[in-house]
Amino acid sequence: MYSNEQYLLELLVEAGALDPSAPENIRAEIGPTESVIDKIVQDGLLSRDYIAQVAAGSSGLDFVDLSSFEVDPGILAQVSADLVRRLNFLPIGDDGLSLQVAIADPFAMETLDSLPQLLGRDISFFVAAEDTLARAIDKYYPEKKEAKEGDESPIVALIDEMFNEAHAMRASDIHIEPMEDRVRVRCRVDGRLVEVATHPKKLLGSIVARIKVMSNTMSIAEKRVPQDGRIELDLRDGVHIDLRVSTVPSNHGESVVMRILDKSALALGLPQLGFLSDDEATFDRLVTLPDGVILVTGPTGSGKTTTLYACLNHLNRPDKKIITAEDPVEYELAGINQVMIRSDIGMTFAAALRAMLRQAPNIIMIGEIRDGETAAIAIQAAMTGHLVLSTLHTNDAPSSVARLEDMGVDRFLIASAVRAIMAQRLCRCLCSNCKIDGSLTARQSQILGIEQDRIVKVPRPGGCEKCRGKGMKGRMGIFEIFEVSDDVRELINSDLSSAQLRKRARELGMRTLREDGIRKVLAGRTSADEVIHVTTGDAS
């Protein structure tokens, strides 16, 4: 049934296909819920093809005859059957720029408006006759029958096993990498890549196509440009996981990386981040201040976003209004207003932050400060009574001052608004099931700056089934907290270089990343080699 049947009847009258009195006469013969168009077709007055051609012409769209049209299976695989049936359309082609779609009702605004957003692509619409479209949908997307054991194709089974194995390993992401003569599959576990499988090169196309189909929004026909998508699925143990998918064309075929979005991070509080008790008390005091900027710094993959989520969990109370700006919003947080950054339509971090300030929040979280405009607005927000949490890409805490200055923020504003900067890294924990007694070697003591004239007893990695023989399981943070006290405020205003500021901050009591790591080695929580590896750039 057409969404605007009266308008279509007027078009048919204008085209001379119907007598002006015909619609009212027919309406008098049928029930109140029946369609005049259906009755016109049943009585043989007009064909559905002709009606579709009139509707297409009035909308500026082309008519397509699906009765003599064959759709490539690769095109069909780009869209789920549920979406096709819900919005009543059929994908029929892909020219690399847009997905070509047949619809019966060019007046169905829900389909016209929502389909490009749902599929993440430009759409070229064509109009087909209602009956031929229905038959084509039934032909290409038959109703699912109850699955029987053994019905799955080998590729479907292979991909499902890959996801289940990655989850069992506690992997954070899956890498499918085309090599010259094979396909390598690696998983990142506790920050380290581990090869878990290898497949014949001929399977690459089928593996990538299956993953694109599962994402619902990626083009199976497009292999020349990078694509992004998302997969939601239930594993065989009943666990629901989300994956963010990225494909990139390489010299040996499309490379795929799938990041497993770990929703357990949503439940973390400050104690689960890995703080020792004194640092936890300090950070707790800082993030509960009524205003100011709190920055978390470190390279990609250092756990900055997890720390921010833990802060939000800690601060989320009924008497506080919290708004976040994220790119993208990966997890939904109950009780918190989350805004997704869309730079392509002008919703940048700066634009979102300006809008957020008009919402009268108490606490603002910005996924990342990337430019001077965002930095300036964040500083202004902090100085007008808001607590602002955000991240920066710097190697240590004191160098964030120079980074903000490079973005155009004056030092006196940094000194006035910033309350603390915390650099962090992630290091693997000793497996609690198999760690064994040991002591620091002379080399480890020398590198870590520990007196070598005494034997320092610390646990070391063992190896068991629970940690897959690695001796390490799980990760925790090591931290460098640079609190902006009155003394530090004077140092920032004195125009010191990053190196000088870092030296003076240490003299005032700031512990470096390596020093915090050493404390956790001595506490038996991680290994000396792990801290040495993670803090190589912090050797001074």
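Annotations for the structure displayed:
- Any hit, the stretch 320-340, residues being aliphatic (A, V, I, L, M), more than 19 Å from the chain's Cα centre (by Cα) and under 29 Å from S498 (Cα atoms): no
- Whichever residue in the stretch 27-58 is of a type in the set (S, T, Y) and out of contact with any Phe, Trp or Tyr (no Cβ under 9 Å at 6 or more places or on another chain) and, among such residues, is modelled with the lowest pLDDT: T33
- Residues in the stretch 90-105 that are hydrophobic (A, V, I, L, M, F, W, C) and touching a residue at least 40 places away in the same chain (Cβ under 8 Å) were compared, and the one that is nearest to I220 (Cα to Cα) is L99.
- One residue stands out in the stretch 1-46 among those that are open to solvent by 50 Å² or more (accessible area, probe 1.4 Å) and hydrophobic (A, V, I, L, M, F, W, C): the one that is farthest from G57 (Cα to Cα), namely A28.
- Among the residues of the stretch 410-430, those that are touching a residue at least 24 places away in the same chain (Cβ under 8 Å) and more than 14 Å from M476 (Cα to Cα) comprise R411, F412, L413, I414, A415, S416, A417, V418, R419, A420, I421, M422.
- Residues that are over 31 Å from the mean Cα position of the chain (by Cα) and over 30 Å from I436 (Cα atoms) do occur in the stretch 509-517.
- Any helices (runs of 4 or more DSSP H) falling wholly within the stretch 456-540 and containing at least 2 residues that are among the acidic types (D, E): 486-493, 513-522, 528-534
- In the stretch 330-348 there is at least one residue that is of a type in the set (D, E, K, R), out of contact with any Lys or Arg (no Cβ under 6 Å at 6 or more places or on another chain), surrounded by 14 or more Cβ atoms within 10 Å (Cβ to Cβ) and modelled with pLDDT under 90.
- Among residues of the stretch 476-505, those that are open to solvent by 20 Å² or more (accessible area, probe 1.4 Å) and either farther than 19 Å from R403 by Cα or of a type in the set (G, A, S) (or both), counted: 7
- Candidates T111, T132: the one that is open to solvent by less than 20 Å² (accessible area, probe 1.4 Å), at pLDDT below 90 and not aliphatic (A, V, I, L, M) is T111.
Condition check ((1) open to solvent by 20 Å² or more (accessible area, probe 1.4 Å); (2) in contact with a Gly (Cβ under 9 Å, 6 or more places away or on another chain); (3) of a type in the set (V, I, T)) across all residues:
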| residue | (1), (2), (3) |
| --- | --- |
| R419 | yes, yes, no |
| C431 | no, yes, no |
| K435 | yes, yes, no |
| R443 | yes, no, no |
| Q446 | yes, no, no |
| E451 | yes, no, no |
| R454 | yes, no, no |
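- Boolean, R370 is charged (D, E, K, R) and farther than 21 Å from V409 by Cβ: no
- Of the residues making up the stretch 445-455, those that are outside any loop (DSSP other than H, G, I, E, B) and more than 39 Å from the chain's Cα centre (by Cα) number 2.
- Residues of the stretch 72-95 that are open to solvent by 60 Å² or more (accessible area, probe 1.4 Å) and of a type in the set (D, E): D72, D82, D95.
- Count of the stretch 393-417 residues which are open to solvent by less than 20 Å² (accessible area, probe 1.4 Å) and either in contact with a strand residue (DSSP E or B) (Cβ under 9 Å, 6 or more places away or on another chain) or of a type in the set (G, A, S) (or both): 9
- One residue stands out in the stretch 55-71 among those that are open to solvent by 20 Å² or more (accessible area, probe 1.4 Å) and touching a residue at least 60 places away in the same chain (Cβ under 8 Å): the one that is nearest to R224 (Cα to Cα), namely F69.
- Complete set of residues in the stretch 469-502 that are aromatic (F, W, Y) and out of contact with any Asp or Glu (no Cβ under 7 Å at 6 or more places or on another chain): F482
The values are calculated or read from the model by the stated rules, or taken from the named source; none is laboratory data. Since the model is a prediction, treat every value here as computed from it, not as a measurement. Positions of Cβ are generated from backbone atoms using ideal geometry, with glycine treated the same way; all protein chains shown enter the neighbour counts. Accessible surface areas use protein heavy atoms only, side chains included; no ligands, DNA or RNA. Shrake-Rupley method; radii C 1.70, N 1.55, O 1.52, S 1.80 Å.
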